[in-house]
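Notes to accompany the following structure.
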Amino acid sequence: MLLKLEGLRKSYPGGVTALDDVSLDLMPGEHVSLVGESGCGKTTLARVVMGLVAPDAGRVFFEGREFSSVRARRGMFCRKVRMVFQDPFTSLDPRYSVRAILGEALRLEPRMTRGEELARMRGVLALVRLPPDILARYPHEFSGGERQRIAMARALMSQPSLLILDEALSSLDVLVQQDILSVLEELPRRTGVTYLFIAHNLRAVRRLSRRVAVMRQGRIIECAGRDELFSSPSHPYTQALLKAAFNYEVSV
Ligand SMILES: Nc1ncnc2c1ncn2[C@@H]1O[C@H](COP(=O)(O)OP(=O)(O)OP(=O)(O)O)[C@@H](O)[C@H]1O
Ligand SMILES: [Mg+2]
(Lines give C-alpha, C1' and ligand atoms only; values in the text may rest on other atoms or scores of the structure.)
(Ligands and ions follow the chains in the order given, each with its own letter.)
Protein backbone atom coordinates (compact mmCIF):
# COMPACT_ATOMS: atom_id res chain seq x y z
CA MET A 1 0.00 0.00 0.00
CA LEU A 2 1.40 3.38 -0.97
CA LEU A 3 -1.03 5.60 0.90
CA LYS A 4 -3.75 4.72 3.36
CA LEU A 5 -6.11 7.29 4.83
CA GLU A 6 -8.29 6.18 7.70
CA GLY A 7 -11.24 8.06 9.12
CA LEU A 8 -9.95 11.58 8.45
CA ARG A 9 -11.97 14.41 9.93
CA LYS A 10 -11.40 18.12 9.67
CA SER A 11 -13.59 21.05 10.62
CA TYR A 12 -12.63 24.67 10.15
CA PRO A 13 -13.49 27.45 12.59
CA GLY A 14 -17.00 28.60 11.82
CA GLY A 15 -18.32 25.05 11.70
CA VAL A 16 -17.51 23.95 8.15
CA THR A 17 -16.90 20.20 8.07
CA ALA A 18 -14.44 19.79 5.22
CA LEU A 19 -13.63 16.12 5.88
CA ASP A 20 -16.16 13.79 7.45
CA ASP A 21 -14.72 10.32 8.03
CA VAL A 22 -12.69 9.99 4.83
CA SER A 23 -10.86 6.73 4.13
CA LEU A 24 -8.98 5.98 0.92
CA ASP A 25 -6.32 3.49 -0.16
CA LEU A 26 -3.85 3.94 -2.97
CA MET A 27 -1.70 1.08 -4.25
CA PRO A 28 1.61 1.85 -5.97
CA GLY A 29 0.98 2.52 -9.65
CA GLU A 30 -2.74 2.95 -9.12
CA HIS A 31 -3.73 6.39 -10.35
CA VAL A 32 -6.77 7.59 -8.48
CA SER A 33 -8.86 10.66 -9.28
CA LEU A 34 -10.80 12.64 -6.76
CA VAL A 35 -13.79 14.55 -8.12
CA GLY A 36 -16.64 16.50 -6.58
CA GLU A 37 -18.24 19.92 -6.45
CA SER A 38 -16.43 23.03 -5.32
CA GLY A 39 -16.06 23.15 -1.54
CA CYS A 40 -16.54 19.41 -0.95
CA GLY A 41 -13.13 19.08 0.72
CA LYS A 42 -10.72 17.92 -2.02
CA THR A 43 -7.99 20.46 -1.35
CA THR A 44 -8.36 19.94 2.39
CA LEU A 45 -7.79 16.23 1.85
CA ALA A 46 -4.67 16.96 -0.22
CA ARG A 47 -3.38 19.37 2.42
CA VAL A 48 -3.91 16.84 5.20
CA VAL A 49 -1.98 14.22 3.21
CA MET A 50 0.83 16.73 2.63
CA GLY A 51 0.96 17.51 6.34
CA LEU A 52 0.06 21.15 5.71
CA VAL A 53 -3.16 20.87 7.73
CA ALA A 54 -3.60 18.79 10.89
CA PRO A 55 -6.74 16.63 10.85
CA ASP A 56 -9.03 16.61 13.91
CA ALA A 57 -9.09 12.82 13.78
CA GLY A 58 -7.94 9.96 11.59
CA ARG A 59 -4.68 8.42 10.49
CA VAL A 60 -2.38 8.67 7.49
CA PHE A 61 -0.07 5.81 6.51
CA PHE A 62 2.55 6.14 3.80
CA GLU A 63 4.42 3.07 2.56
CA GLY A 64 3.17 1.20 5.62
CA ARG A 65 4.34 3.74 8.21
CA GLU A 66 1.98 5.90 10.20
CA PHE A 67 2.64 9.60 10.32
CA SER A 68 0.85 10.91 13.32
CA SER A 69 2.29 14.37 13.70
CA VAL A 70 2.18 17.05 11.06
CA ARG A 71 5.87 17.75 11.56
CA ALA A 72 6.97 14.13 11.05
CA ARG A 73 4.83 13.90 7.97
CA ARG A 74 6.30 17.05 6.53
CA GLY A 75 9.97 16.05 6.51
CA MET A 76 9.44 12.75 4.77
CA PHE A 77 6.51 13.85 2.65
CA CYS A 78 8.45 16.79 1.29
CA ARG A 79 10.52 14.32 -0.68
CA LYS A 80 8.24 11.37 -1.29
CA VAL A 81 4.91 13.11 -1.77
CA ARG A 82 4.82 16.22 -3.89
CA MET A 83 1.97 18.45 -4.88
CA VAL A 84 1.28 20.52 -8.00
CA PHE A 85 -1.18 23.34 -7.43
CA GLN A 86 -3.82 24.90 -9.60
CA ASP A 87 -2.26 28.24 -10.35
CA PRO A 88 1.13 28.21 -12.08
CA PHE A 89 1.27 32.02 -11.83
CA THR A 90 1.43 32.07 -8.04
CA SER A 91 3.13 28.76 -7.34
CA LEU A 92 6.50 29.82 -8.84
CA ASP A 93 8.47 32.56 -7.14
CA PRO A 94 9.17 35.23 -9.80
CA ARG A 95 12.48 36.19 -8.16
CA TYR A 96 14.12 32.85 -8.89
CA SER A 97 15.44 31.38 -12.12
CA VAL A 98 14.22 27.97 -13.23
CA ARG A 99 17.56 26.59 -12.08
CA ALA A 100 17.10 28.05 -8.59
CA ILE A 101 13.49 26.84 -8.45
CA LEU A 102 14.50 23.29 -9.34
CA GLY A 103 17.57 23.48 -7.08
CA GLU A 104 15.40 24.47 -4.11
CA ALA A 105 13.55 21.17 -4.46
CA LEU A 106 16.83 19.34 -3.71
CA ARG A 107 17.12 20.94 -0.25
CA LEU A 108 16.17 17.72 1.54
CA GLU A 109 18.01 15.37 -0.81
CA PRO A 110 21.35 13.77 -0.07
CA ARG A 111 24.11 16.11 -1.22
CA MET A 112 24.92 16.06 -4.91
CA THR A 113 27.74 17.45 -6.99
CA ARG A 114 26.93 20.34 -9.35
CA GLY A 115 27.17 17.93 -12.25
CA GLU A 116 24.70 15.53 -10.64
CA GLU A 117 22.32 18.39 -9.87
CA LEU A 118 22.41 19.60 -13.45
CA ALA A 119 21.85 16.10 -14.76
CA ARG A 120 18.81 15.72 -12.46
CA MET A 121 17.44 19.08 -13.64
CA ARG A 122 17.89 18.22 -17.31
CA GLY A 123 16.26 14.86 -16.66
CA VAL A 124 13.10 16.31 -15.12
CA LEU A 125 12.83 19.00 -17.81
CA ALA A 126 12.96 16.27 -20.44
CA LEU A 127 10.20 14.38 -18.61
CA VAL A 128 7.89 17.40 -18.90
CA ARG A 129 9.13 18.11 -22.45
CA LEU A 130 10.91 21.38 -21.80
CA PRO A 131 14.34 22.12 -23.32
CA PRO A 132 17.37 22.16 -20.99
CA ASP A 133 18.38 25.69 -22.03
CA ILE A 134 15.59 27.32 -20.00
CA LEU A 135 17.45 26.94 -16.69
CA ALA A 136 18.70 30.53 -16.69
CA ARG A 137 15.26 32.02 -17.43
CA TYR A 138 12.61 33.35 -15.01
CA PRO A 139 8.94 32.36 -14.53
CA HIS A 140 7.51 35.52 -16.14
CA GLU A 141 9.14 34.53 -19.45
CA PHE A 142 6.87 31.50 -19.78
CA SER A 143 3.27 30.80 -20.73
CA GLY A 144 0.82 29.30 -18.24
CA GLY A 145 1.26 25.82 -19.66
CA GLU A 146 5.06 26.08 -19.55
CA ARG A 147 4.93 27.32 -15.99
CA GLN A 148 2.78 24.40 -14.99
CA ARG A 149 5.37 22.09 -16.55
CA ILE A 150 8.09 23.85 -14.56
CA ALA A 151 5.98 23.29 -11.43
CA MET A 152 5.71 19.61 -12.39
CA ALA A 153 9.46 19.42 -13.01
CA ARG A 154 10.06 20.92 -9.57
CA ALA A 155 7.76 18.32 -8.03
CA LEU A 156 9.70 15.53 -9.78
CA MET A 157 13.15 16.69 -8.62
CA SER A 158 13.06 14.61 -5.43
CA GLN A 159 11.89 11.52 -7.33
CA PRO A 160 8.61 11.27 -5.41
CA SER A 161 6.49 8.13 -5.20
CA LEU A 162 3.24 10.09 -5.07
CA LEU A 163 2.24 13.22 -6.94
CA ILE A 164 -0.89 15.07 -5.87
CA LEU A 165 -2.22 17.24 -8.68
CA ASP A 166 -4.80 19.62 -7.27
CA GLU A 167 -6.72 21.05 -10.25
CA ALA A 168 -3.36 21.30 -11.97
CA LEU A 169 -4.99 21.71 -15.39
CA SER A 170 -7.88 23.98 -14.44
CA SER A 171 -6.30 27.32 -15.26
CA LEU A 172 -5.06 26.22 -18.70
CA ASP A 173 -6.79 26.32 -22.05
CA VAL A 174 -7.98 23.09 -23.62
CA LEU A 175 -5.07 22.54 -26.03
CA VAL A 176 -2.49 23.14 -23.33
CA GLN A 177 -4.42 20.76 -21.08
CA GLN A 178 -4.09 18.09 -23.77
CA ASP A 179 -0.31 18.60 -23.93
CA ILE A 180 0.08 18.30 -20.18
CA LEU A 181 -2.22 15.29 -20.05
CA SER A 182 -0.03 13.48 -22.53
CA VAL A 183 3.03 14.32 -20.40
CA LEU A 184 1.16 12.96 -17.37
CA GLU A 185 0.20 9.80 -19.21
CA GLU A 186 3.84 9.00 -19.91
CA LEU A 187 5.28 9.91 -16.52
CA PRO A 188 4.38 6.77 -14.52
CA ARG A 189 6.07 4.50 -17.04
CA ARG A 190 9.20 6.64 -17.04
CA THR A 191 9.42 7.43 -13.32
CA GLY A 192 7.21 4.98 -11.41
CA VAL A 193 5.29 7.88 -9.85
CA THR A 194 1.66 7.36 -8.75
CA TYR A 195 -0.96 10.11 -8.96
CA LEU A 196 -3.78 11.40 -6.87
CA PHE A 197 -5.46 13.54 -9.50
CA ILE A 198 -7.93 16.11 -8.20
CA ALA A 199 -9.95 17.54 -11.05
CA HIS A 200 -13.18 18.99 -12.35
CA ASN A 201 -12.52 17.89 -15.91
CA LEU A 202 -14.07 14.44 -16.09
CA ARG A 203 -12.66 13.74 -19.53
CA ALA A 204 -9.16 14.20 -18.13
CA VAL A 205 -10.10 11.99 -15.21
CA ARG A 206 -11.29 9.28 -17.53
CA ARG A 207 -8.11 9.47 -19.57
CA LEU A 208 -5.69 9.40 -16.65
CA SER A 209 -7.13 7.32 -13.82
CA ARG A 210 -8.05 3.71 -13.32
CA ARG A 211 -10.08 4.43 -10.19
CA VAL A 212 -12.23 7.41 -9.27
CA ALA A 213 -13.39 8.60 -5.86
CA VAL A 214 -16.38 10.94 -5.74
CA MET A 215 -16.57 13.37 -2.85
CA ARG A 216 -19.54 15.31 -1.58
CA GLN A 217 -19.79 17.47 1.51
CA GLY A 218 -16.66 16.06 3.09
CA ARG A 219 -17.40 12.39 2.42
CA ILE A 220 -16.32 9.93 -0.25
CA ILE A 221 -19.70 8.72 -1.45
CA GLU A 222 -18.52 6.41 -4.21
CA CYS A 223 -15.19 4.93 -5.20
CA ALA A 224 -15.05 2.62 -8.20
CA GLY A 225 -13.00 1.52 -11.17
CA ARG A 226 -13.07 4.04 -13.98
CA ASP A 227 -15.01 1.96 -16.48
CA GLU A 228 -17.56 0.94 -13.91
CA LEU A 229 -18.02 4.48 -12.63
CA PHE A 230 -18.38 6.04 -16.05
CA SER A 231 -20.69 3.36 -17.43
CA SER A 232 -22.87 2.64 -14.40
CA PRO A 233 -22.43 5.13 -11.56
CA SER A 234 -24.30 3.83 -8.54
CA HIS A 235 -24.83 7.01 -6.51
CA PRO A 236 -27.42 9.54 -7.74
CA TYR A 237 -24.96 12.36 -7.08
CA THR A 238 -22.34 10.70 -9.33
CA GLN A 239 -24.99 10.22 -12.00
CA ALA A 240 -25.87 13.92 -11.82
CA LEU A 241 -22.21 14.93 -11.90
CA LEU A 242 -21.50 12.85 -15.01
CA LYS A 243 -24.60 14.08 -16.75
CA ALA A 244 -23.82 17.71 -16.01
CA ALA A 245 -20.17 17.35 -17.01
CA PHE A 246 -20.70 15.53 -20.28
CA ASN A 247 -23.68 17.59 -21.37
CA TYR A 248 -21.71 20.70 -20.62
CA GLU A 249 -18.53 19.54 -22.30
CA VAL A 250 -20.31 18.26 -25.37
CA SER A 251 -21.98 21.62 -25.89
CA VAL A 252 -18.74 23.68 -25.86
N1 LIG B 1 -8.56 27.75 5.84
C2 LIG B 1 -9.90 27.60 5.87
N3 LIG B 1 -10.65 28.18 6.83
C4 LIG B 1 -11.98 28.02 6.89
N5 LIG B 1 -12.69 27.28 6.00
C6 LIG B 1 -12.01 26.67 5.01
C7 LIG B 1 -10.58 26.80 4.89
N8 LIG B 1 -10.19 26.08 3.82
C9 LIG B 1 -11.30 25.54 3.28
N10 LIG B 1 -12.39 25.88 3.99
C11 LIG B 1 -13.77 25.43 3.75
O12 LIG B 1 -13.79 24.01 3.77
C13 LIG B 1 -14.61 23.49 2.74
C14 LIG B 1 -13.79 22.59 1.85
O15 LIG B 1 -12.83 23.39 1.15
P16 LIG B 1 -11.80 22.78 0.10
O17 LIG B 1 -10.91 23.89 -0.33
O18 LIG B 1 -11.16 21.59 0.69
O19 LIG B 1 -12.78 22.35 -1.08
P20 LIG B 1 -12.46 21.89 -2.59
O21 LIG B 1 -13.22 20.63 -2.80
O22 LIG B 1 -11.00 21.85 -2.80
O23 LIG B 1 -13.13 23.04 -3.46
P24 LIG B 1 -12.68 23.59 -4.93
O25 LIG B 1 -13.16 22.58 -5.92
O26 LIG B 1 -13.41 24.88 -5.05
O27 LIG B 1 -11.19 23.77 -4.92
C28 LIG B 1 -15.20 24.69 2.02
O29 LIG B 1 -16.48 24.95 2.55
C30 LIG B 1 -14.24 25.83 2.36
O31 LIG B 1 -14.91 27.06 2.38
MG1 LIG C 1 -9.70 22.84 -4.13
Karplus-derived HN-Hα couplings along the stretch 217-224 (A = 6.51, B = -1.76, C = 1.60, θ = phi - 60°), whole Hz, x at Gly and Pro: 6, x, 10, 8, 8, 7, 9, 8
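Within the stretch 1-101, report the trypsin sites (Lys or Arg not before Pro) that DSSP leaves as loop and that have at most 12 other Cβ atoms within 10 Å. Kindly include the intermediate steps, with their values, before the conclusion.
Values: sites: 4, 9, 10, 42, 47, 59, 65, 71, 73, 74, 79, 80, 82, 95, 99; in loops: 95.
Within the stretch 1-101, the qualifying trypsin sites (Lys or Arg not before Pro) (loop, at most 12 other Cβ atoms within 10 Å) are 95.
Counting other Cβ atoms within 10 Å, which trypsin sites (Lys or Arg not before Pro) in the stretch 143-211 have at most 16 and lie in a DSSP loop?
On the way: sites: 147, 149, 154, 189, 190, 203, 206, 207, 210, 211; in loops: 210.
Passing sites in the stretch 143-211 are 210.
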Mean Cα-pair separation over length for the stretch 173-252, i.e. relative contact order, pairs under 8 Å, 6 or more apart, %: 19 percent
Surface share of carbon and sulfur [accessible, 1.4 angstrom probe, percent] for the stretch 116-252: 50 percent
In nm, spacing of pseudo-spin labels at residue 66 and residue 100 (7 Å Cα→C-beta vector): 4.3 nm
Reachable lysines from residue 10, criterion Cα separation under 26 angstrom, eight or more residues apart if same chain: 42, 80
Potential extension, residue 182-residue 137 segment - 0.36 nm per residue separation minus Cα distance: 13.7 nm
For the stretch 36-52, Karplus couplings with θ = phi - 60° (6.51, -1.76, 1.60), whole Hz, Gly/Pro x: x, 5, 4, x, 7, x, 5, 5, 4, 4, 4, 5, 5, 4, 6, x, 8
For the stretch 105-252: span of alpha carbons on each principal axis (Å, largest first): 55, 32, 26
Only Lys, Arg (+1) and Asp, Glu (-1) charged, at Cβ; the chain dipole about Cα centre in debye: 640 debye
Under DSSP loop assignment and at most 15 Cβ neighbours within 10 Å, longest chymotrypsin sites (Phe, Trp or Tyr not before Pro)-free interval of the chain: 97-252
Sum of -39500 (n - 2.57) over DSSP H runs of 4+, divided by residues of the chain (222 nm, nearest 500): -12000 deg cm²/dmol
The stretch 1-65 - percent of accessible surface contributed by carbon and sulfur, probe 1.4 Å: 49 percent
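Need the full-extension length gain, residue 223 to residue 80, defined as separation in residues times 0.36 nm minus the C-alpha distance. One decimal, nm. Write out the running numbers ahead of the final one.
Working: separation 143, 0.36 × 143 = 51.48 nm, distance 2.46 nm.
Fully extending the segment from residue 223 to residue 80 adds 49.0 nm.
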Kirkwood hydrodynamic radius of the chain, from inverse mean 1/r over distinct Cα pairs, in Å: 18.8 Å
Additional length obtainable on full extension of the chain from residue 174 to residue 231, 0.36 nm per residue less Cα span: 18.1 nm
In order through the stretch 196-209: 3J(HN,Hα) via Karplus (6.51 cos²θ - 1.76 cosθ + 1.60), integer Hz, x for Gly, Pro: 10, 10, 9, 7, 9, 7, 6, 5, 5, 4, 5, 6, 9, 10
Rg/Rh ratio calculated on Cα atoms of the stretch 1-124 (Kirkwood radius): 1.01
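The values are calculated or read from the model by the stated rules, or taken from the named source; none is laboratory data. No experiment lies behind these values; they were computed from the predicted model shown. As a convention, Cβ positions derive from the backbone with ideal geometry for all residues, glycine included, and neighbour counts pool all protein chains shown. Side chains included, ligands, DNA and RNA excluded: accessible areas come from the protein's heavy atoms. Shrake-Rupley method; radii C 1.70, N 1.55, O 1.52, S 1.80 Å.
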